[in-house]
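Heads up: the structure comes next, in structure tokens.
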There are 2 protein chains.
Amino acid sequence: MLRVPYTDLEAALHRAVLNLGLVDQPSPPASVPAATLCARLFAETTRDGVYTHGLARFPRFAAMVRNGSIDPLASPSRTSMLSDFRAIERWDGHRGPGNLNAWSAMSRAMDLARLHGIGAVALANTNHWMRGGTYGWQAATQGLFGICWTNTLANTPAWGSTQPTVGNNPIIIAVPRSFPGVGSTTLPPVVLDMAMTQFSMGSLSAYAQRGAELPVPGGYDLDGNLTRDPAAIEASQRTLPIGYWKGFGLSLVLDMMASMLSEGLSTHQFPLDPLKETCLSQFFLAIDPTTFADPTHLSQIAESILTNLHDAPPEDPAKPVRYPGEETIRLREENLHLGVPVDPTLWQKLNDLTI
Amino acid sequence: MLRVPYTDLEAALHRAVLNLGLVDQPSPPASVPAATLCARLFAETTRDGVYTHGLARFPRFAAMVRNGSIDPLASPSRTSMLSDFRAIERWDGHRGPGNLNAWSAMSRAMDLARLHGIGAVALANTNHWMRGGTYGWQAATQGLFGICWTNTLANTPAWGSTQPTVGNNPIIIAVPRSFPGVGSTTLPPVVLDMAMTQFSMGSLSAYAQRGAELPVPGGYDLDGNLTRDPAAIEASQRTLPIGYWKGFGLSLVLDMMASMLSEGLSTHQFPLDPLKETCLSQFFLAIDPTTFADPTHLSQIAESILTNLHDAPPEDPAKPVRYPGEETIRLREENLHLGVPVDPTLWQKLNDLTI
């Protein structure tokens, strides 16, 4: 792995995104120019150590712009009637870039939450949002709670079947620890970002590529036995939902909510080719606690929970207990300091605009 | 097991609840008399086959009324300021009966959702809600999506520690399939009701009592090995979160959200004695899709997902793939027809008012 300065990565991605046909016009309702924001979100994902969904994912993004799955110039529009009293809206992503559509949807949910206390956006016809955690950080660093999830193509067997029937539908739950104008320090949020399978598809493929065994069983082999061999799971396509029947059930209801509330497509309607996985349905929820609760008290509650968590005796003294997102901050700082790790071949292609 | 007519079970529970000091005055904001509703929710839980949280749980409920943990006469009150524009509120349960408080909170969230499209209630100082699925059925049978969760005492190790640090914080997600005034048939909702541990405490204890092995590993034995022996897990108190680190993370953020938004207590503040597990924090969310979407289209999307699910080839031809809540309907009909299964000793005590 090569380490490159973060700003170089963002700049190279910006050139590549412009080359794909995105433009730097503000994508409503977000006020950031589209190509700049799209590149920044890819770069930040790699910076934060979520290597499977940053630069490493960019070739697939580029291929999907080129094959027409992603419309680089589309921006989302509201499909539910405008209403002053309503705290939830439906939007259509028009197959625009998934990270831009998701950013816009969470922005809108946050605006609704600032007005109503809680706000939500159901988004149809969008594309893969890359790192889902992005939209949790987006809300929680502004002092709002953020929840969002997406459906995906069928990559997980229904419980009791061996055939991929449900998606692995990642869900993100982000909890703010600091609130604007309260206190003198800004504490990083707690951000849970998890797929309904024990390992995301990207993570499974990363383990397989480096020939490593999974730390816990991640699916079944072709003979129907639970296995820690990522290649055997890729061969059988029988991934394991978290908690067996529970993760299956959770995945099903998340698909139902996202597609019903957005009146969009459901998992079973997507082609099984990842390069044609478009018109996804997603759901974004934000809560602004400063509209109905005491933010100083909320911070105290959060710190008391995290202090108690950190006090839990670790099984391995070298590995203290951590909250979701804690490792992200450490990796972010390390990567900003030492340079962001990139695959040398991919980095060359990115700079040559041949990605 | 003895089978008794459902109406007899509900009537006997009603007498027992009155004997504990509950009264039949309407508990705001629900309009049903409190003692009648409390008894009905216990009886319906057993009727629906969730045997661990119905009549079997009543002795603990009675003990907690007697030891002062539950105030049989308390009803919830709003703690956030009343505001016309706000779709989320904070309520205080004043240590009233947990199922009544939860029913009231979901009722209020549903009222807010009918007004704003989406509505939520964060509830502090409440008690164990018994079957969490109850409040999902409550929303979804009225055509609303319902999500709710509760925190619990620490019964699950933090990931990387062997000591119980987080709760198993059940979450419920309920999806309606029919909407008032739309279509001629009423279809039962999809209701997911799951604890963050692979097996709920009640379920673990039920397996242990009948000397049965768990179908999949449910925790660790005292030597730190994954095991399917429920008694070994009760001995070590090292339950397994669903998806290992994922269920731990989900449990943590659910506790943070429930206690922060309600400004109530967190898992680490509860005594480890289940008979003194009071002042819980809970969160209730409802969405009324008829305010912003086409309910006929929503029903079509739901049926298309469930048809596709039922079409998945089962691994065992005798066990077709089912959605969460599907088995509930079958058990409910069976128990209404044959009588509700009750433990004979418990049934005798209930009728003698010596429970």
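Please treat every number below as a calculation from the coordinates, not as lab data. If you're wondering where the values come from, they're calculated on a predicted model, not measured in any experiment. For neighbour counting, all protein chains shown are included, and Cβ atoms are generated from backbone atoms with ideal geometry for every residue, glycine included.
Which distance in nm do the two modelled labels at B:Asn19 and B:Asn351 give, with both placed 7 Å along the Cα-to-Cβ direction?
Spacing of the two 7 Å Cα→Cβ label points: 1.2 nm.
After finding the eigenvalues of the alpha carbon gyration tensor for the range A:1-127, what semi-axes result from the square roots of 5 times each, listed largest first in whole Å? Don't jump to the answer; show the numbers that get you there.
On the way: eigenvalues 160, 53, 28 Å².
So the three semi-axes of the range A:1-127 are 28, 16, 12 Å.
Placing the label point 7 Å from Cα along the Cα-to-Cβ direction, what are the distances from B:Gln163 to the equivalent spots in the other copies, shortest first, in nm to one decimal?
Label-point distances to the other copies, shortest first: 5.0 nm.
Apply 1/(1 + (r/R0)^6) to the Cβ-Cβ distance of B:Leu275 and A:Thr185, taking R0 = 41 Å, and write down the FRET efficiency to the nearest 0.05.
Once rounded, the FRET efficiency stands at 0.50.
Give, in whole angstrom and from largest to smallest, the semi-axes √(5λ) of the equivalent ellipsoid of the range B:184-286, with λ running over the eigenvalues of the Cα gyration tensor.
On the way: eigenvalues 140, 90, 39 Å².
Ellipsoid half-lengths, sorted descending, are 26, 21, 14 Å.
Given label points at 7 Å from Cα along Cα→Cβ, what nm distances, shortest first, separate A:Gln209 from the same residue in every other copy?
With the label placed 7 Å along Cα→Cβ, A:Gln209 yields 5.2 nm.
Aspartates and glutamates within cross-link reach of A:Lys246: Cα-Cα under 16 Å, excluding same-chain residues under 8 positions apart?
In chain and number order, the partners are A:Asp255, B:Asp193, B:Glu326, B:Glu327.
Among the aspartates and glutamates, select those whose C-alpha is under 20 Å from the C-alpha of A:Lys349, and discard any that sit fewer than 8 residues away in the same chain.
In chain and number order, the partners are A:Asp8, A:Glu10, A:Glu44.
Quick one: pull the percentage of alpha-carbon pairs in the protein assembly as shown with a separation above 38 Å.
Working: 83671 of 251695 pairs.
When all Cα pairs of the protein assembly as shown are counted, 33 percent exceed 38 Å.
Which of rounded, prolate, oblate describes the range B:252-315, given a ≥ b ≥ c as roots of the alpha-carbon gyration tensor eigenvalues and a/c under 1.5 marking rounded, otherwise prolate only if a/b is larger than b/c?
Working: a/c = 4.26, a/b = 1.92, b/c = 2.22.
It is oblate, given that a/c is not under 1.5 and a/b is not larger than b/c.
Provide a whole-number value for the mean count of partner chain Cβ atoms within 10 Å of the Cβ atoms in peptide A:304-314. Spell out each step's value before the answer.
Numbers: counts 5, 13, 2, 1, 8, 9, 2, 5, 12, 7, 5.
Mean partner-chain Cβ count within 10 Å for A:304-314: 6.
Under a GNM of chain B (C-alpha, springs under 10 Å), which listed residue has the highest mean-square fluctuation: B:Val321, B:Val50, B:Val121?
Highest fluctuation of the listed residues: B:Val321.
For the range A:241-286, just run the numbers: alpha carbon Rg, then divide by 2.2 N^0.38 Å, N being how many residues it has.
Details: Rg = 11.7 Å, N = 46, 2.2 N^0.38 = 9.4 Å.
Here the Cα radius of gyration is 1.25 times the empirical estimate.
Return an integer: the convex hull volume of the alpha-carbon atoms of chain B, in Å³ per residue. If you can, show how the numbers build up before the last one.
Working: hull volume 52.3 nm³, N = 355.
In chain B, the Cα hull volume divided by residue count equals 147 Å³.
Which Cα, out of A:Gly249, A:Gln209, A:Leu192, lies furthest along the positive dipole direction of the range A:181-253 (beta carbon charges, K/R +1, D/E -1)?
Value: A:Leu192.
Count, for each residue of A:316-328, the Cβ atoms from other chains sitting within 10 Å of its Cβ, then give me the mean as a whole number. Don't skip to the end; give the middle numbers.
On the way: counts 2, 0, 0, 3, 2, 8, 5, 7, 8, 2, 0, 0, 0.
Mean partner shielding for this stretch: 3.
If you take the square roots of the eigenvalues of the alpha-carbon gyration tensor of the range A:210-355 and sort them as a ≥ b ≥ c, do you get rounded (a/c under 1.5), prolate (a/b over b/c) or oblate?
Numbers: a/c = 1.35, a/b = 1.20, b/c = 1.13.
Rounded, because the longest to shortest axis ratio a/c is under 1.5.
Helix-only estimate, please: 222 nm mean residue ellipticity of chain B, summing -39500 (n - 2.57) across DSSP H runs of length 4 or more and dividing by its residues, to the nearest 500.
Numbers: 11 runs with 136 residues, N = 355.
After summing the helix terms and dividing by residue count, I get -12000 deg cm²/dmol.
Show me, for the range A:200-214, the HN-Hα J-couplings you get by feeding each phi into the Karplus relation (A = 6.51, B = -1.76, C = 1.60, θ = phi - 60°), rounded to Hz, glycine and proline as x.
Computed from phi, the couplings for the range A:200-214 are 5, 4, x, 5, 4, 5, 5, 4, 4, 4, 9, x, 9, 7, 6 Hz.
May I ask you to give the average projected area over all directions of the convex hull of the Cα atoms of the range A:148-243, in nm² rounded to one decimal? Display every interim value, and only then the final one.
On the way: hull surface 31.3 nm².
The directionally averaged projection comes out at 7.8 nm².
Taking amide H positions as placed 1.01 Å from N in the peptide plane, with prolines and chain starts having none, which residues 5 or more places from A:Phe145, or on another chain, fall under 5 Å of its amide H?
Those qualifying (amide H under 5 Å, at least 5 residues apart or on another chain) are A:Ile287.
Using a Gaussian network model on chain A with a 10 Å cutoff between Cα atoms, which of A:Leu250, A:Leu280, A:Leu123 fluctuates the most?
Maximum among the listed residues: A:Leu250.
Averaged across A:282-292, how many Cβ atoms of other chains sit within 10 Å of each residue's Cβ atom?
Values: counts 0, 1, 0, 5, 0, 9, 2, 7, 0, 7, 13.
Partner Cβ neighbours, averaged per residue: 4.
Specify the residue with the greatest mean-square fluctuation among B:Leu115, B:Leu222, B:Leu309, computed from a Gaussian network of chain B linking alpha-carbon atoms under 10 Å apart.
Sorting by GNM fluctuation, first place goes to B:Leu309.
Taking R0 as 41 Å, what's the FRET efficiency between A:Asp223 and B:Glu327 from their Cβ-Cβ distance, rounded to 0.05?
Working: r = 29 Å, r/R0 = 0.70.
Efficiency, from the Cβ-Cβ distance: 0.90.
Distances in nm, one decimal, shortest first, from A:Arg66 to the same residue in every other copy, taking the label point 7 angstrom along Cα→Cβ.
Reported distances to equivalent positions: 7.5 nm.
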